[in-house]
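The values are calculated or read from the model by the stated rules, or taken from the named source; none is laboratory data. Values in this document were obtained by computation on a predicted structure and should not be read as measured data. Cβ atoms come from the backbone with ideal geometry, glycine included; neighbour counts cover every protein chain shown. For the accessible areas, the whole protein counts, side chains as well, though only heavy atoms, and no ligand, DNA or RNA atoms are used. Shrake-Rupley method; radii C 1.70, N 1.55, O 1.52, S 1.80 Å.
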Amino acid sequence: MTWLVRQTRRFSRQYKKLHDNIAADVDSAVDEVRLNPEIGEHKKGDLAALSVFKFRSGEQLYLLGYTLDEGVRLIYLEAVGPHENFYRDLKR
């Protein structure tokens with residue numbers, strides 16, 4: 001059974017700024033996470049609730065940050081972007 005996916009405001013703002021080819025790669029990464037939410041790496045410390053799925057778009061490494069609500073099988077997409085400053089921006 002697949003999970004439902006919801007976007008946070010931060011994610012939707014970041015997603016709107018992406019080019020079409022990168023947005024298509026993000027869409028396929030979201031599909032992979034929806035089918036298998038445990039695929040991402042669980043973070044520690046300040047970002048302990050966050051899981052991160054890494055994928056490539058062109059030659060750039062992108063990260064998709066999400067949290068899970070296992071009670072209702074819901075995935076919250078928290079952030080998407082290149083690796084540079086990804087974690088710093090999430091802590092704000």
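Observations
- Amide H contacts under 5 Å for T8, placed H, 5+ residues apart: L77
- Theoretical ellipticity at 222 nm over the chain - DSSP helices of four or more residues, -39500 (n - 2.57) apiece, nearest 500: -9500 deg cm²/dmol
- Taken along the Cα-to-beta-carbon direction at a fixed 7 Å, the label points for E59 and D27 span 2.6 nm.
- The charge dipole of the chain, taken about the Cα centre with unit charges on the Cβ atoms of Lys, Arg (+1) and Asp, Glu (-1), comes to about 440 debye, rounded to the nearest 20.
- Förster radius 41 Å - calculated FRET efficiency between L35 and R88 (Cβ-Cβ, nearest 0.05): 0.85
- Under Karplus coefficients 6.51, -1.76 and 1.60, residue-wise ³J(HN,Hα) of the range 39-56 in Hz, glycine/proline x: 5, x, 8, 7, 8, 10, x, 4, 9, 4, 7, 8, 10, 10, 10, 9, 8, 10
- Ranked by the mean number of other Cβ atoms within 10 Å of their residues, highest first, the peptides 53-66, 14-27 fall in the order 53-66, 14-27.
- Only one residue of V80, A23, S57 has its Cα farthest out toward the positive end of the dipole of the chain, where Lys and Arg carry +1 and Asp and Glu -1 on Cβ, and that residue is V80.
- Surface share of carbon and sulfur [accessible, 1.4 angstrom probe, percent] for the chain: 47 percent
- The mean accessible area for residues of the chain, using a 1.4 Å probe and ignoring ligands and nucleic acids, is 65 Å² per residue.
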